[in-house]
Amino acid sequence: MNGLARTIVTFSIPAVLACIYPILPEYAKFFLARVMILSVYAYGYAICFQMLGMLSLGHAALFAAGMYGAGLYTIYASPSPLSALLMGVAAALAFSLAMGLLSTRVGGPFLTITTLLAAQALYLVALHFNEITGGEQGIVLGREATLVWPLSPWLGESDSRYLFSLVTLVIAVTGVWALSRSRLGKLFIAVRDDEEKLESLGYNTATLKLLGFALSGVYSGTAGALQALLYSYVGAGYAGILNSVEPVLWVLVGGPLIQVGPLLGCMLVNIIADLARGMLRGHVLIVGLGLVLIAFAAGRLSWAYRLLRRSTGLVS
Amino acid sequence: MSPSQILSLRGVSKFFGGVQAVLDVYLDVLEGEMLGLIGPNGAGKSTLAKLILGSLKPSTGKVFFGGRDITGLSRRERAGLGIAGTNQFPRVFSSLTLRENLEISLKSGGGKHLFESVAEVAELLGLSGLLEAQASSLSHGQRRLLEIGMALVSGSRLLVLDEPSQGLTGGEVERLASILTGLSSKRLSVILIDHRVDFVKSLSGRVGVMSKGRMVALGPAGDKGVADVIEEVYLRGLDAGD
Ligand SMILES: Nc1ncnc2c1ncn2[C@@H]1O[C@H](COP(=O)(O)OP(=O)(O)OP(=O)(O)O)[C@@H](O)[C@H]1O
Ligand SMILES: [Mg+2]
């Protein structure tokens, strides 16, 4: 696929999401707004996993850092949603740098374990300080602290949520599109392909990996902060392991084209999970596993297999 | 050490457990020379290449580059000084295109810049028509030539080529020979490791012969003594070191 075709495909789904908005029923608006925020998270995860080949199982902590950073700021500091958004992103950036510094020193399966444990640590901290964080139950934020509040004289809640989510998604997609065309993006892919070779050309791959991790953290934290500021809720559930596993699934289901894959995979998994939830009361993970099997059967096996093999370093 | 020496190995050895892969090697490589290195399988050639490049550290001995002790420097730090190399099994970035492979290699190292553009080196490699092809779709020989091209554009003062002719077609070997011949005008030092004795002899000024980890002979390519040692270690399988 040439550059122009790729660009058209990249922006076609957000364009469709913008066009169908006026005719969407209320429930679909609500559902798609949520999926768009999760897709921002998916893109962030893809930078780490798909571009750099780092199989993190700790990204829930980065999402949660954004969510807590923003949400708790509105509760304990000031109910100003824009500064809260910045706080959320800053918290996620700080946490991703710390997690990245630890985990990118070690490769393959050790990176996976390190990120997993770091995320579990944050989860336990959130539970431990439950007077502050609200623990598993969570805290509902004040209405005036949300991003939808300033728009409320003109737009309904679900409309402004949709609008914020769409704008954020377009920014996120544009970022990944630009990254994938840039020299930095090529270097990220080179790290995934052969880190040692890149090092032998004089590049500092540790710095590249840390940079990728931080960028991924900014995406994840933005999604987490918006989650808090659009739905006026923070809760430890978002820091749990399931929220780390789901983006792996989205990326694998979405396929090899990083500009559209994360969005496509996230939508597909959530639509099917949503349909199945009604029918089977099935857990999203069960549906997810089913989807992986479907995706594999559809001939993506080699792609997903190569990505997993490279990122876990189990076969060199 | 005279100023025309770019690389010096001083009593370098490398042991893997009980295996003595490289044993007490002394070697000087001169500025701008092409030094051939031959020896049978398992002689320690690739290990020596890695000790020079920095992907392995010697068990004993020291490595000097441009008069400076670089024994403790990493592979990346040595790249920054202008030490480039290719691997016995070619390593390129398979998800990237040929052009992207060359682009990220361009001037990434710390040596002098022999080529100004990706197009120029692609032309030299005979791969201009494949610039937009993904590296994973290249043939073995094309990957090997690409890796050599990456080393050439990276900016290097010393180039270590580990069996660059292995697996190449006849035409590709000719192409490689003309690339290497062309380098002599660039004042780049090259260590050429290869199994094709005549190929090495025809391109190199001096030739070193390794056997069982030792440098058993080193001299001008046309030297009778060197030729005798080569014959001994290859044809009779004798350990000329003992
Ligand atoms: N990483 C390693 N661990 C253990 N032994 C090794 C390692 N690398 C090389 N060796 C051993 O060191 C010796 C020298 O190997 P080396 O690859 O340097 O030889 P070579 O001259 O390059 O041979 P070839 O012509 O087959 O490429 C061999 O006996 C080899 O088995
Ligand atoms: Mg070898």
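Values quoted throughout were computed directly from the atomic coordinates according to the rules given, and no laboratory measurement underlies them. Only a predicted model underlies this, so the values are computations on that prediction, with no experimental measurement involved. Don't worry about glycine lacking a Cβ; one is built from the backbone with ideal geometry, like all the others, and counts go over all protein chains shown.
Assorted remarks:
- Applying 1/(1 + (r/R0)^6) with R0 = 56 Å to the Cβ-Cβ distance of A:Ile113 and B:Ser185 gives a FRET efficiency near 0.60.
- Under 18 Å from B:Lys212, Cα to Cα: lysines that are on another chain or at least 8 residues apart: B:Lys14, B:Lys45, B:Lys50
- Loop sites by DSSP among the GluC sites (Glu not before Pro) of chain B, restricted to those with at most 14 other Cβ atoms within 10 angstrom, leave B:1-115 as the longest stretch without any of them.
- Eligible lysines near B:Lys107 by straight Cα distance, threshold 18 Å, same-chain separation 8 or greater: A:Lys186, A:Lys197, B:Lys186
- Inter-label distance, nm, simple model (7 Å from Cα along the C-beta direction), A:Leu102/A:Ile241: 1.7 nm
- Linear extension gain, A:Tyr21 paired with A:Ala178, 0.36 nm per residue minus alpha-carbon span: 53.9 nm
- Label positions at B:Lys107 and B:Lys57, each projected 7 Å from the Cα along the C-beta direction, are separated by 3.3 nm.
- Each 10 Å bin from zero up to the one holding the largest Cα-Cα distance in the protein assembly as shown carries the following percent of pairs: 4, 16, 23, 19, 14, 12, 8, 3, 1, 0.
- Computed over neighbours whose Cβ is under 13 Å from that of B:Leu192, the net charge equals -1, Lys and Arg +1, Asp and Glu -1.
- The longest stretch of chain A left intact once loop-based chymotrypsin sites (Phe, Trp or Tyr not before Pro) with at most 13 other Cβ atoms within 10 Å are removed from consideration, loops following DSSP, is A:155-316.
- GNM flexibility winner over chain A from A:Arg277, A:Arg34, A:Arg161 (Cα, springs under 10 Å): A:Arg277
- In the range A:3-311, the inverse of the mean reciprocal separation of distinct Cα atoms equals 19.5 Å; this is its Kirkwood hydrodynamic radius.
- The range A:110-182 and the range B:180-220 have their alpha-carbon centroids 61 Å apart.
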